Amino acid sequence: MNEAPRMLIDGDCGFCQASGELLIKLTKNRLVVEKWQSLALLPEGVTEALLSQTVAFVGTNGAVSWGARAISHALQTSPLLTARLIGQLLGIFPLSIVAEGVYQVVARNRHRLSRAIGRDACVIDHGVAVNQSAASEQGAASEQSATEAAPVK
């Protein structure tokens, strides 16, 4: 695939949109941030149920990573050394475990964070059961490919 790497965010979430805007600035437009609700076709292995609960990074080769790993890969597309280093650190064990834990807390409270930063609060459907192990398995299968795809040009 020749497309730029993409970050799929919740377009109904003010915090997610603000985070996406920050990623665009940090990556100097080397990363395309898209609201998943506006996509006509989701990438292979990506579902609305997963995207309603976690962010996804789609590498140039189509490999998908989720949550903190997705943020790690997105930051690694930046031309800014500091952002790339932070992205790399977020992907290294044991920091990757801590980063995922922090990501999960933020994701569960993004509606509160949206209000706190003066953005529209999203509606989180806590009734949607997301199988995190399925997302992790999908991410693990493509994780190596996504890591290789993260740096752009």
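The values are calculated or read from the model by the stated rules, or taken from the named source; none is laboratory data. Since the model is a prediction, treat every value here as computed from it, not as a measurement. With ideal geometry, Cβ positions are generated from the backbone for all residues, glycine too; neighbour counts draw on all protein chains shown.
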Any idea which of Ile86, Ile9, Ile71 is free of Cβ contacts under 8 Å to residues at least 24 places away in the same chain and among the β-branched types (Val, Ile, Thr)?
-> Ile86
Find the residue count for the range 24-54, including only residues that are closer than 11 Å to Ala74 by Cα, surrounded by 20 or more Cβ atoms within 10 Å (Cβ to Cβ) and either aliphatic (A, V, I, L, M) or free of Cβ contacts under 8 Å to residues at least 40 places away in the same chain (or both).
-> 3
Please specify each residue of the range 75-115 satisfying the condition of being of a type in the set (D, E, K, R), closer than 18 Å to Ala18 by Cα and surrounded by 15 or more Cβ atoms within 10 Å (Cβ to Cβ).
-> Arg110
Touching a Leu at 6+ places or on another chain (Cβ under 6 Å) and either loosely packed, with under 11 Cβ neighbours inside 10 Å or at pLDDT below 65 (or both): does that describe Ala135?
-> yes
